[in-house]
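The next block holds one structure in the form of C-alpha coordinates; read it before the comments.
The values are calculated or read from the model by the stated rules, or taken from the named source; none is laboratory data. Owing to the predicted nature of the structure, the values given are computational and were not obtained by experimental measurement. FYI the Cβ positions are ideal-geometry reconstructions off the backbone, even for glycines, and counts take in every protein chain you see.
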Amino acid sequence: MSGDDTTVIDSPDPQRGRKARWGPLPLFAGVALVLAGAGMFVVAGSYDTPQTAKVLGKPANAPVNQGATNPADITAHNSPSLVRNPRDEGNLAVADRIDTPRFSCAFHVSADGGSTWQQKTVPAPKGERLCYAPDVAFGADGKLYLSFVTLRGRANAPNAAWLVTSTDKGSTFSKPIKVLRQKLPFQVRLAADPKKPNRLYVTWLQASEVGLFRFPESGNPINATRSDDGGKSWGTPTRVSGSNRERVVAPSPVVGPDGDLNVVYLDLGKDSLDYEGAHQGEGGPPFDGTWQLVHSRSSDRGVTWKETVIEKRLMPSERFIVFTPPFPSIAVDQDSGTLYAAFHDKRLGDQDVWMWSLPKGADGWGGVKRVNDTPKGDKTSQYLPKIGVAPDGRVDVVYYDRRADRGNVKNEVSLQSSSDDGDSFGKRVRLSDKSFSSEIGYGSERDLPDLGSRLGVISTASRALAVWTDTRAGTKGSNKQDIGRAVVAFSDPPRLSKPVEYLLRFGGIALALLGLGLLALAVLRSRRSAA
(Lines give C-alpha, C1' and ligand atoms only; values in the text may rest on other atoms or scores of the structure.)
Protein backbone atom coordinates (compact mmCIF):
# COMPACT_ATOMS: atom_id res chain seq x y z
CA MET A 1 0.00 0.00 0.00
CA SER A 2 1.13 3.46 -0.77
CA GLY A 3 1.68 6.19 1.85
CA ASP A 4 -1.40 8.06 0.52
CA ASP A 5 -3.66 5.10 1.32
CA THR A 6 -2.62 4.72 4.96
CA THR A 7 -5.00 6.01 7.67
CA VAL A 8 -3.76 6.13 11.27
CA ILE A 9 -7.16 5.95 12.92
CA ASP A 10 -5.86 3.45 15.56
CA SER A 11 -2.97 5.64 16.74
CA PRO A 12 -3.63 6.63 20.40
CA ASP A 13 -4.29 10.28 21.10
CA PRO A 14 -2.01 11.55 23.89
CA GLN A 15 -4.92 12.99 25.97
CA ARG A 16 -7.15 10.01 25.29
CA GLY A 17 -4.35 7.70 26.27
CA ARG A 18 -3.89 9.42 29.63
CA LYS A 19 -7.65 9.23 30.24
CA ALA A 20 -7.53 5.52 29.54
CA ARG A 21 -4.67 5.02 32.00
CA TRP A 22 -6.34 7.09 34.83
CA GLY A 23 -9.87 5.92 34.29
CA PRO A 24 -12.19 6.75 37.26
CA LEU A 25 -9.34 6.36 39.79
CA PRO A 26 -9.05 10.06 40.86
CA LEU A 27 -12.79 10.32 41.35
CA PHE A 28 -13.10 7.15 43.45
CA ALA A 29 -9.90 7.79 45.40
CA GLY A 30 -10.93 11.36 46.11
CA VAL A 31 -14.33 10.37 47.42
CA ALA A 32 -12.78 7.61 49.54
CA LEU A 33 -10.19 9.92 51.07
CA VAL A 34 -12.76 12.62 51.85
CA LEU A 35 -15.02 10.08 53.53
CA ALA A 36 -12.11 8.53 55.45
CA GLY A 37 -10.89 11.93 56.61
CA ALA A 38 -14.36 12.99 57.70
CA GLY A 39 -14.79 9.70 59.53
CA MET A 40 -11.53 10.15 61.43
CA PHE A 41 -12.57 13.67 62.45
CA VAL A 42 -16.01 12.48 63.58
CA VAL A 43 -14.47 9.64 65.60
CA ALA A 44 -12.15 12.08 67.36
CA GLY A 45 -15.07 14.40 68.11
CA SER A 46 -17.26 11.61 69.41
CA TYR A 47 -14.93 11.20 72.37
CA ASP A 48 -15.74 14.76 73.48
CA THR A 49 -19.25 13.81 74.56
CA PRO A 50 -20.00 15.75 77.75
CA GLN A 51 -19.91 13.91 81.03
CA THR A 52 -23.32 13.17 82.50
CA ALA A 53 -24.15 13.05 86.20
CA LYS A 54 -26.96 11.40 88.13
CA VAL A 55 -27.88 11.45 91.81
CA LEU A 56 -28.06 7.91 93.15
CA GLY A 57 -30.51 6.35 95.59
CA LYS A 58 -34.20 6.50 96.42
CA PRO A 59 -34.59 8.70 98.31
CA ALA A 60 -31.69 10.65 96.93
CA ASN A 61 -30.86 12.17 100.32
CA ALA A 62 -30.04 10.23 103.46
CA PRO A 63 -29.08 11.94 106.72
CA VAL A 64 -25.67 11.42 108.27
CA ASN A 65 -26.59 12.11 111.90
CA GLN A 66 -28.78 9.56 113.66
CA GLY A 67 -31.15 12.11 115.22
CA ALA A 68 -32.28 13.48 111.86
CA THR A 69 -35.43 11.34 111.84
CA ASN A 70 -36.26 11.90 115.52
CA PRO A 71 -38.69 14.81 116.07
CA ALA A 72 -37.60 15.00 119.71
CA ASP A 73 -33.99 15.61 118.70
CA ILE A 74 -33.65 19.36 118.02
CA THR A 75 -29.86 19.38 117.78
CA ALA A 76 -28.41 21.86 115.30
CA HIS A 77 -25.70 20.04 113.30
CA ASN A 78 -23.83 22.22 110.80
CA SER A 79 -20.44 23.02 109.23
CA PRO A 80 -19.56 19.44 108.20
CA SER A 81 -16.00 18.39 107.36
CA LEU A 82 -15.88 15.29 105.14
CA VAL A 83 -12.74 13.17 104.55
CA ARG A 84 -11.85 9.78 103.08
CA ASN A 85 -9.23 7.30 104.20
CA PRO A 86 -6.48 7.05 101.52
CA ARG A 87 -5.91 3.41 102.57
CA ASP A 88 -9.59 2.41 102.51
CA GLU A 89 -11.91 4.15 100.05
CA GLY A 90 -15.02 2.98 101.89
CA ASN A 91 -13.90 4.55 105.17
CA LEU A 92 -15.35 8.07 105.41
CA ALA A 93 -15.62 10.46 108.33
CA VAL A 94 -17.72 13.55 109.03
CA ALA A 95 -17.19 15.97 111.91
CA ASP A 96 -19.69 18.76 112.51
CA ARG A 97 -20.41 21.66 114.83
CA ILE A 98 -23.45 21.76 117.13
CA ASP A 99 -24.87 25.18 118.05
CA THR A 100 -28.12 24.39 119.86
CA PRO A 101 -29.57 23.44 122.26
CA ARG A 102 -25.99 23.61 123.59
CA PHE A 103 -22.58 24.10 122.03
CA SER A 104 -20.97 20.76 121.20
CA CYS A 105 -19.69 18.64 118.30
CA ALA A 106 -20.41 15.33 116.59
CA PHE A 107 -18.36 12.72 114.75
CA HIS A 108 -19.72 10.15 112.28
CA VAL A 109 -17.91 7.32 110.51
CA SER A 110 -18.85 5.10 107.56
CA ALA A 111 -17.31 1.81 106.44
CA ASP A 112 -19.34 1.48 103.23
CA GLY A 113 -18.64 4.64 101.28
CA GLY A 114 -21.32 6.74 102.99
CA SER A 115 -24.32 4.43 102.65
CA THR A 116 -24.59 4.06 106.42
CA TRP A 117 -23.10 6.02 109.31
CA GLN A 118 -22.34 5.46 112.96
CA GLN A 119 -21.97 8.27 115.49
CA LYS A 120 -18.96 7.98 117.80
CA THR A 121 -18.23 9.84 121.02
CA VAL A 122 -15.38 12.33 121.00
CA PRO A 123 -13.56 12.15 124.34
CA ALA A 124 -13.50 15.38 126.32
CA PRO A 125 -10.33 16.56 128.09
CA LYS A 126 -10.39 16.24 131.84
CA GLY A 127 -11.87 19.31 133.47
CA GLU A 128 -13.06 20.78 130.14
CA ARG A 129 -16.46 21.08 128.49
CA LEU A 130 -17.33 18.98 125.46
CA CYS A 131 -15.73 19.72 122.11
CA TYR A 132 -16.81 22.46 119.70
CA ALA A 133 -15.99 23.46 116.11
CA PRO A 134 -14.26 20.20 115.06
CA ASP A 135 -12.24 19.47 111.97
CA VAL A 136 -11.04 16.11 110.70
CA ALA A 137 -8.28 14.74 108.45
CA PHE A 138 -6.77 11.41 107.43
CA GLY A 139 -3.00 11.04 107.29
CA ALA A 140 -1.21 9.38 104.39
CA ASP A 141 -1.04 6.14 106.42
CA GLY A 142 -4.79 6.07 107.17
CA LYS A 143 -4.51 7.46 110.70
CA LEU A 144 -7.42 9.72 111.56
CA TYR A 145 -7.01 13.08 113.29
CA LEU A 146 -9.79 15.17 114.82
CA SER A 147 -9.24 18.67 116.22
CA PHE A 148 -11.61 20.72 118.36
CA VAL A 149 -11.70 23.53 120.88
CA THR A 150 -13.14 23.56 124.38
CA LEU A 151 -15.18 26.52 125.61
CA ARG A 152 -15.02 28.47 128.81
CA GLY A 153 -15.84 31.81 130.37
CA ARG A 154 -16.94 35.01 128.71
CA ALA A 155 -18.95 34.61 125.50
CA ASN A 156 -18.25 30.84 125.52
CA ALA A 157 -14.81 31.57 124.09
CA PRO A 158 -12.32 28.87 123.07
CA ASN A 159 -10.10 27.96 126.00
CA ALA A 160 -7.70 25.62 124.18
CA ALA A 161 -7.33 23.52 121.02
CA TRP A 162 -7.09 19.73 121.22
CA LEU A 163 -6.39 16.72 119.03
CA VAL A 164 -7.54 13.10 119.25
CA THR A 165 -6.35 10.31 116.95
CA SER A 166 -7.70 6.99 115.74
CA THR A 167 -5.79 4.04 114.29
CA ASP A 168 -8.89 1.88 113.80
CA LYS A 169 -10.70 3.93 111.15
CA GLY A 170 -12.57 6.15 113.60
CA SER A 171 -14.01 3.46 115.84
CA THR A 172 -12.10 4.61 118.94
CA PHE A 173 -10.02 7.65 119.87
CA SER A 174 -6.93 8.37 121.90
CA LYS A 175 -6.92 10.65 124.91
CA PRO A 176 -6.99 14.34 123.91
CA ILE A 177 -3.66 16.05 123.29
CA LYS A 178 -3.46 19.81 123.80
CA VAL A 179 -2.30 21.36 120.53
CA LEU A 180 -2.51 25.05 121.39
CA ARG A 181 -1.93 26.29 124.90
CA GLN A 182 -2.83 29.84 123.90
CA LYS A 183 -6.32 30.84 124.93
CA LEU A 184 -8.84 32.18 122.38
CA PRO A 185 -7.89 30.02 119.35
CA PHE A 186 -10.74 30.57 116.88
CA GLN A 187 -11.53 28.84 113.56
CA VAL A 188 -9.10 25.95 114.07
CA ARG A 189 -8.53 23.83 110.94
CA LEU A 190 -6.50 20.69 110.17
CA ALA A 191 -4.47 19.72 107.10
CA ALA A 192 -2.46 16.50 106.63
CA ASP A 193 0.46 16.05 104.27
CA PRO A 194 -0.68 13.58 101.53
CA LYS A 195 2.76 11.94 101.36
CA LYS A 196 4.29 12.29 104.84
CA PRO A 197 2.31 10.00 107.19
CA ASN A 198 3.02 11.80 110.47
CA ARG A 199 3.05 15.39 109.25
CA LEU A 200 0.04 17.58 109.85
CA TYR A 201 -0.72 21.25 110.31
CA VAL A 202 -3.14 23.32 112.34
CA THR A 203 -4.18 26.84 111.33
CA TRP A 204 -6.25 29.22 113.44
CA LEU A 205 -7.15 32.82 114.23
CA GLN A 206 -5.47 33.91 117.44
CA ALA A 207 -7.64 36.45 119.27
CA SER A 208 -6.41 38.73 122.04
CA GLU A 209 -9.80 39.58 123.53
CA VAL A 210 -13.47 38.83 122.90
CA GLY A 211 -16.83 40.46 123.51
CA LEU A 212 -20.38 39.48 122.68
CA PHE A 213 -20.42 38.57 118.94
CA ARG A 214 -17.20 40.55 118.37
CA PHE A 215 -13.47 40.98 118.56
CA PRO A 216 -12.97 44.28 120.40
CA GLU A 217 -9.45 44.67 119.01
CA SER A 218 -8.25 44.37 115.41
CA GLY A 219 -4.87 42.96 114.39
CA ASN A 220 -5.53 39.34 115.46
CA PRO A 221 -3.30 37.14 113.26
CA ILE A 222 -3.85 33.86 111.46
CA ASN A 223 -1.21 31.40 112.67
CA ALA A 224 -0.01 27.91 111.80
CA THR A 225 1.87 25.15 113.59
CA ARG A 226 3.28 21.79 112.45
CA SER A 227 3.65 18.32 113.91
CA ASP A 228 6.03 15.73 112.47
CA ASP A 229 5.16 12.95 114.89
CA GLY A 230 1.45 12.45 114.35
CA GLY A 231 0.31 15.20 116.71
CA LYS A 232 2.31 14.20 119.79
CA SER A 233 4.29 17.43 119.75
CA TRP A 234 3.95 20.75 117.94
CA GLY A 235 6.36 23.38 116.68
CA THR A 236 6.49 27.09 117.39
CA PRO A 237 3.53 28.89 115.77
CA THR A 238 4.27 31.17 112.82
CA ARG A 239 2.20 34.04 111.45
CA VAL A 240 0.40 33.27 108.19
CA SER A 241 -1.37 36.59 107.57
CA GLY A 242 0.54 39.77 106.80
CA SER A 243 1.16 42.13 109.72
CA ASN A 244 -0.55 44.94 107.80
CA ARG A 245 -3.85 43.04 107.67
CA GLU A 246 -6.03 44.16 110.56
CA ARG A 247 -9.19 42.08 110.15
CA VAL A 248 -8.54 38.54 108.86
CA VAL A 249 -10.78 35.51 109.36
CA ALA A 250 -11.62 32.00 108.12
CA PRO A 251 -8.30 30.31 107.27
CA SER A 252 -8.67 27.21 105.07
CA PRO A 253 -5.53 25.05 104.62
CA VAL A 254 -4.48 22.37 102.14
CA VAL A 255 -1.16 20.62 101.48
CA GLY A 256 -0.08 20.16 97.86
CA PRO A 257 1.75 17.22 96.26
CA ASP A 258 5.10 18.93 96.78
CA GLY A 259 4.51 19.42 100.49
CA ASP A 260 3.70 23.14 100.30
CA LEU A 261 1.15 24.37 102.83
CA ASN A 262 -1.43 26.67 101.26
CA VAL A 263 -3.91 28.77 103.23
CA VAL A 264 -6.68 30.99 101.85
CA TYR A 265 -8.50 33.45 104.09
CA LEU A 266 -10.64 36.58 104.06
CA ASP A 267 -9.27 40.04 104.72
CA LEU A 268 -12.30 42.06 105.80
CA GLY A 269 -10.54 45.38 105.23
CA LYS A 270 -12.44 48.13 107.05
CA ASP A 271 -15.42 45.92 107.94
CA SER A 272 -15.89 46.79 111.60
CA LEU A 273 -19.61 46.01 111.19
CA ASP A 274 -18.86 42.28 111.30
CA TYR A 275 -15.41 42.10 112.89
CA GLU A 276 -16.08 44.38 115.85
CA GLY A 277 -19.73 43.33 116.00
CA ALA A 278 -21.23 46.74 115.32
CA HIS A 279 -24.38 44.92 114.18
CA GLN A 280 -24.75 43.59 117.77
CA GLY A 281 -25.70 40.19 116.41
CA GLU A 282 -28.71 41.50 114.51
CA GLY A 283 -29.53 40.98 110.83
CA GLY A 284 -29.60 43.76 108.26
CA PRO A 285 -27.71 45.08 105.22
CA PRO A 286 -24.14 43.79 104.73
CA PHE A 287 -20.97 45.85 104.98
CA ASP A 288 -20.96 48.29 102.06
CA GLY A 289 -17.23 48.13 101.36
CA THR A 290 -15.07 45.34 99.93
CA TRP A 291 -13.04 42.42 101.24
CA GLN A 292 -10.05 40.58 99.80
CA LEU A 293 -9.47 36.87 99.22
CA VAL A 294 -5.85 36.09 100.11
CA HIS A 295 -3.57 33.11 99.51
CA SER A 296 -0.52 32.46 101.68
CA ARG A 297 1.96 29.70 100.84
CA SER A 298 4.80 28.12 102.78
CA SER A 299 7.36 26.01 100.93
CA ASP A 300 9.43 25.28 104.03
CA ARG A 301 6.91 23.41 106.20
CA GLY A 302 5.26 26.46 107.69
CA VAL A 303 8.36 28.42 108.67
CA THR A 304 8.06 31.33 106.23
CA TRP A 305 5.16 32.58 104.12
CA LYS A 306 4.61 34.29 100.78
CA GLU A 307 1.29 36.08 100.29
CA THR A 308 -0.73 36.67 97.11
CA VAL A 309 -4.06 38.46 96.70
CA ILE A 310 -6.49 36.25 94.78
CA GLU A 311 -9.32 38.79 94.56
CA LYS A 312 -8.98 42.46 95.50
CA ARG A 313 -12.64 43.42 95.50
CA LEU A 314 -14.94 40.83 97.01
CA MET A 315 -18.41 42.29 97.45
CA PRO A 316 -19.94 41.20 100.82
CA SER A 317 -23.46 39.87 100.56
CA GLU A 318 -24.57 39.32 104.16
CA ARG A 319 -23.75 39.96 107.79
CA PHE A 320 -22.24 37.25 109.96
CA ILE A 321 -20.93 36.52 113.47
CA VAL A 322 -17.16 36.93 113.35
CA PHE A 323 -16.54 33.89 115.58
CA THR A 324 -18.11 31.55 112.99
CA PRO A 325 -17.58 33.19 109.57
CA PRO A 326 -18.21 31.63 106.16
CA PHE A 327 -15.03 29.90 105.01
CA PRO A 328 -13.61 30.18 101.50
CA SER A 329 -12.77 26.84 99.91
CA ILE A 330 -9.36 25.70 98.69
CA ALA A 331 -8.48 22.42 96.95
CA VAL A 332 -5.50 21.05 95.04
CA ASP A 333 -5.11 18.66 92.15
CA GLN A 334 -2.63 16.22 93.67
CA ASP A 335 -1.49 15.16 90.20
CA SER A 336 -0.91 18.49 88.43
CA GLY A 337 -0.43 20.69 91.49
CA THR A 338 -3.07 23.19 90.33
CA LEU A 339 -4.74 25.07 93.19
CA TYR A 340 -8.40 26.13 93.18
CA ALA A 341 -10.12 28.64 95.46
CA ALA A 342 -13.81 29.53 95.62
CA PHE A 343 -16.08 31.94 97.44
CA HIS A 344 -19.23 33.99 96.83
CA ASP A 345 -19.95 37.68 96.37
CA LYS A 346 -22.56 40.02 94.88
CA ARG A 347 -20.63 41.85 92.16
CA LEU A 348 -23.52 41.19 89.77
CA GLY A 349 -26.16 42.34 92.25
CA ASP A 350 -26.86 39.04 94.03
CA GLN A 351 -24.82 36.20 95.50
CA ASP A 352 -22.92 34.12 92.95
CA VAL A 353 -20.24 31.45 93.32
CA TRP A 354 -16.84 32.29 91.84
CA MET A 355 -13.70 30.21 91.40
CA TRP A 356 -10.06 31.06 90.74
CA SER A 357 -7.19 28.76 89.73
CA LEU A 358 -3.41 28.74 90.10
CA PRO A 359 -1.56 26.24 87.88
CA LYS A 360 1.70 24.93 89.28
CA GLY A 361 4.53 27.31 88.42
CA ALA A 362 2.20 30.16 87.40
CA ASP A 363 3.01 33.68 88.55
CA GLY A 364 -0.51 34.55 89.68
CA TRP A 365 -4.05 33.31 90.08
CA GLY A 366 -6.12 32.99 86.92
CA GLY A 367 -9.16 35.03 86.09
CA VAL A 368 -12.29 34.44 88.07
CA LYS A 369 -14.93 32.05 86.69
CA ARG A 370 -18.62 32.19 87.58
CA VAL A 371 -19.66 28.67 88.59
CA ASN A 372 -23.47 28.78 88.90
CA ASP A 373 -25.40 28.68 85.62
CA THR A 374 -28.28 30.91 86.75
CA PRO A 375 -29.18 34.05 84.76
CA LYS A 376 -26.99 36.95 85.80
CA GLY A 377 -28.71 39.28 88.23
CA ASP A 378 -31.73 36.99 88.76
CA LYS A 379 -31.96 38.11 92.44
CA THR A 380 -31.39 34.62 93.85
CA SER A 381 -28.46 33.49 95.98
CA GLN A 382 -25.82 30.86 95.27
CA TYR A 383 -23.24 30.71 98.04
CA LEU A 384 -20.78 28.94 100.37
CA PRO A 385 -19.02 26.77 97.76
CA LYS A 386 -16.90 23.73 98.52
CA ILE A 387 -14.43 22.34 95.96
CA GLY A 388 -13.50 18.71 95.35
CA VAL A 389 -10.89 17.53 92.82
CA ALA A 390 -11.09 14.00 91.40
CA PRO A 391 -7.95 11.97 90.57
CA ASP A 392 -8.64 12.49 86.85
CA GLY A 393 -8.69 16.28 87.31
CA ARG A 394 -12.45 16.84 87.32
CA VAL A 395 -13.35 19.77 89.54
CA ASP A 396 -16.63 19.56 91.50
CA VAL A 397 -18.16 22.58 93.25
CA VAL A 398 -21.02 22.11 95.73
CA TYR A 399 -23.00 25.11 96.99
CA TYR A 400 -26.27 26.33 98.46
CA ASP A 401 -28.70 27.42 95.74
CA ARG A 402 -31.97 29.40 95.90
CA ARG A 403 -32.70 29.61 92.16
CA ALA A 404 -36.05 27.83 92.57
CA ASP A 405 -37.38 30.37 95.09
CA ARG A 406 -38.13 33.84 93.79
CA GLY A 407 -38.44 34.92 97.42
CA ASN A 408 -34.77 33.91 97.87
CA VAL A 409 -35.35 31.99 101.11
CA LYS A 410 -35.58 28.27 100.28
CA ASN A 411 -32.27 26.50 99.71
CA GLU A 412 -31.40 23.65 97.45
CA VAL A 413 -27.93 22.13 97.17
CA SER A 414 -26.30 22.05 93.73
CA LEU A 415 -23.19 20.56 92.18
CA GLN A 416 -21.45 21.75 89.01
CA SER A 417 -18.39 20.16 87.48
CA SER A 418 -15.57 21.20 85.20
CA SER A 419 -13.50 18.87 83.01
CA ASP A 420 -11.22 21.60 81.63
CA ASP A 421 -9.37 22.77 84.75
CA GLY A 422 -12.10 25.18 85.78
CA ASP A 423 -12.35 27.09 82.49
CA SER A 424 -16.02 26.12 82.12
CA PHE A 425 -18.69 24.27 84.10
CA GLY A 426 -21.43 21.88 83.04
CA LYS A 427 -25.08 22.16 83.97
CA ARG A 428 -25.96 22.03 87.63
CA VAL A 429 -27.02 18.78 89.29
CA ARG A 430 -29.59 19.22 92.05
CA LEU A 431 -28.42 17.20 95.05
CA SER A 432 -31.18 17.97 97.56
CA ASP A 433 -34.46 16.20 96.78
CA LYS A 434 -36.36 18.74 98.88
CA SER A 435 -35.82 22.44 99.44
CA PHE A 436 -35.31 23.74 102.96
CA SER A 437 -35.35 27.11 104.72
CA SER A 438 -32.24 29.25 105.05
CA GLU A 439 -33.87 31.02 108.02
CA ILE A 440 -33.52 28.14 110.48
CA GLY A 441 -30.46 28.06 112.71
CA TYR A 442 -28.70 29.64 115.66
CA GLY A 443 -29.43 33.37 115.58
CA SER A 444 -32.74 33.06 113.72
CA GLU A 445 -34.51 35.05 116.45
CA ARG A 446 -32.15 37.94 115.66
CA ASP A 447 -32.63 37.65 111.88
CA LEU A 448 -29.08 36.28 111.59
CA PRO A 449 -29.50 32.49 111.24
CA ASP A 450 -26.30 30.49 110.87
CA LEU A 451 -26.28 27.55 108.43
CA GLY A 452 -22.65 26.90 109.27
CA SER A 453 -19.25 27.75 107.89
CA ARG A 454 -18.82 25.15 105.14
CA LEU A 455 -20.07 22.14 103.21
CA GLY A 456 -18.17 18.94 102.40
CA VAL A 457 -17.40 17.01 99.21
CA ILE A 458 -15.25 14.02 98.24
CA SER A 459 -14.56 13.52 94.51
CA THR A 460 -13.46 10.28 92.87
CA ALA A 461 -13.11 9.38 89.20
CA SER A 462 -16.72 8.15 89.01
CA ARG A 463 -18.45 9.59 92.07
CA ALA A 464 -18.92 12.68 94.20
CA LEU A 465 -20.24 12.52 97.76
CA ALA A 466 -21.49 15.80 99.24
CA VAL A 467 -22.69 16.72 102.73
CA TRP A 468 -24.40 19.90 103.91
CA THR A 469 -26.50 21.53 106.63
CA ASP A 470 -30.17 20.66 106.02
CA THR A 471 -33.11 22.26 107.85
CA ARG A 472 -36.07 20.38 106.34
CA ALA A 473 -36.91 18.80 109.72
CA GLY A 474 -36.54 22.05 111.67
CA THR A 475 -38.54 25.17 112.42
CA LYS A 476 -37.65 28.66 113.56
CA GLY A 477 -38.73 27.58 117.00
CA SER A 478 -36.58 24.44 117.15
CA ASN A 479 -33.63 25.60 114.99
CA LYS A 480 -33.06 21.91 114.24
CA GLN A 481 -30.38 21.25 111.65
CA ASP A 482 -29.15 17.94 110.26
CA ILE A 483 -26.35 16.79 107.98
CA GLY A 484 -27.76 15.71 104.61
CA ARG A 485 -25.85 13.81 101.98
CA ALA A 486 -26.09 12.80 98.33
CA VAL A 487 -24.01 10.67 95.97
CA VAL A 488 -23.55 11.61 92.32
CA ALA A 489 -22.47 9.06 89.71
CA PHE A 490 -20.64 10.34 86.64
CA SER A 491 -21.05 8.61 83.30
CA ASP A 492 -17.89 9.48 81.44
CA PRO A 493 -17.48 8.19 77.87
CA PRO A 494 -14.10 6.74 76.90
CA ARG A 495 -11.51 9.42 76.26
CA LEU A 496 -8.71 9.35 73.72
CA SER A 497 -5.21 10.30 74.73
CA LYS A 498 -4.22 13.70 73.39
CA PRO A 499 -1.69 12.34 70.83
CA VAL A 500 -4.27 9.93 69.40
CA GLU A 501 -6.95 12.64 69.36
CA TYR A 502 -4.64 15.04 67.50
CA LEU A 503 -3.59 12.29 65.07
CA LEU A 504 -7.22 11.54 64.23
CA ARG A 505 -8.23 15.18 63.95
CA PHE A 506 -5.31 16.47 61.88
CA GLY A 507 -4.89 13.21 59.97
CA GLY A 508 -8.57 13.35 59.06
CA ILE A 509 -8.21 16.92 57.84
CA ALA A 510 -5.14 15.99 55.78
CA LEU A 511 -6.87 13.01 54.16
CA ALA A 512 -9.96 15.06 53.38
CA LEU A 513 -7.87 17.78 51.76
CA LEU A 514 -5.98 15.19 49.72
CA GLY A 515 -9.28 13.66 48.65
CA LEU A 516 -10.62 17.08 47.61
CA GLY A 517 -7.45 17.59 45.60
CA LEU A 518 -7.96 14.33 43.76
CA LEU A 519 -11.60 15.20 43.08
CA ALA A 520 -10.55 18.54 41.66
CA LEU A 521 -8.00 16.77 39.45
CA ALA A 522 -10.67 14.34 38.22
CA VAL A 523 -12.99 17.22 37.33
CA LEU A 524 -10.18 19.00 35.48
CA ARG A 525 -9.32 15.85 33.46
CA SER A 526 -12.96 15.36 32.62
CA ARG A 527 -13.29 18.92 31.28
CA ARG A 528 -10.15 18.60 29.19
CA SER A 529 -11.38 15.30 27.78
CA ALA A 530 -14.73 16.80 26.90
CA ALA A 531 -13.00 19.69 25.14
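Could we say that N244 is under 18 Å from W305 (Cβ atoms), assigned by TED's automatic domain parsing to the domain that holds W291 and at pLDDT 95 or above here?
It is true that N244 is under 18 Å from W305 (Cβ atoms), assigned by TED's automatic domain parsing to the domain that holds W291 and at pLDDT 95 or above.
In the range 309-324, how many residues are hydroxyl-bearing (S, T, Y) and surrounded by fewer than 21 Cβ atoms within 10 Å (Cβ to Cβ)?
Counting residues in the range 309-324 that are hydroxyl-bearing (S, T, Y) and surrounded by fewer than 21 Cβ atoms within 10 Å (Cβ to Cβ) gives 1.
Do we have any residue at all in the range 398-414 that's buried (at least 21 other Cβ atoms within 10 Å of the Cβ), in contact with a Gly (Cβ under 8 Å, 6 or more places away or on another chain) and closer than 30 Å to T338 by Cα?
Within the range 398-414, one or more residues are buried (at least 21 other Cβ atoms within 10 Å of the Cβ), in contact with a Gly (Cβ under 8 Å, 6 or more places away or on another chain) and closer than 30 Å to T338 by Cα.
Please work out which one of (1) under 30 Å from D373 (Cα atoms); (2) buried (at least 23 other Cβ atoms within 10 Å of the Cβ) is the condition D288 fails and give its number.
(2)
Look through the range 429-482, keep the residues that are of a type in the set (V, I, T) and under 18 Å from the mean Cα position of the chain (by Cα), and return whichever of them is farthest from A106 (Cα to Cα).
Taking the candidates together, the pick is V429.
Does any residue of the range 258-267 turn out to be of a type in the set (D, E), touching a strand residue (DSSP E or B) at 6+ places or on another chain (Cβ under 8 Å) and part of a strand (DSSP E or B)?
yes
Looking at L293, L268, can you tell me which residue is in contact with a Lys or Arg (Cβ under 6 Å, 6 or more places away or on another chain), surrounded by 20 or more Cβ atoms within 10 Å (Cβ to Cβ) and not small (G, A, S)?
Selected residue: L268, the only one of L293, L268 that is in contact with a Lys or Arg (Cβ under 6 Å, 6 or more places away or on another chain), surrounded by 20 or more Cβ atoms within 10 Å (Cβ to Cβ) and not small (G, A, S).
Hand me the list of strands (runs of 3 or more DSSP E) wholly inside the range 426-513 holding 3 or more residues that are modelled with pLDDT of 95 or more and in contact with a Cys (Cβ under 9 Å, 6 or more places away or on another chain).
none
Regarding the range 37-45, can at least one residue be identified that is at pLDDT 70 or above and under 30 Å from R525 (Cβ atoms)?
Yes, because at least one residue in the range 37-45 is at pLDDT 70 or above and under 30 Å from R525 (Cβ atoms).
State whether one or more residues within the range 345-355 are in contact with a His (Cβ under 7 Å, 6 or more places away or on another chain), closer than 30 Å to E445 by Cα and either surrounded by fewer than 22 Cβ atoms within 10 Å (Cβ to Cβ) or aliphatic (A, V, I, L, M) (or both).
There is at least one residue in the range 345-355 that is in contact with a His (Cβ under 7 Å, 6 or more places away or on another chain), closer than 30 Å to E445 by Cα and either surrounded by fewer than 22 Cβ atoms within 10 Å (Cβ to Cβ) or aliphatic (A, V, I, L, M) (or both).
Checking the condition free of Cβ contacts under 8 Å to residues at least 12 places away in the same chain and either of a type outside the set (V, I, T) or touching a Leu at 6+ places or on another chain (Cβ under 6 Å) (or both), which residue from G235, G139, G153 passes?
G153
Would you mind finding the one in S147, S171, S243 that is hydroxyl-bearing (S, T, Y) and surrounded by 15 or more Cβ atoms within 10 Å (Cβ to Cβ)?
Result of the check over S147, S171, S243: S147.
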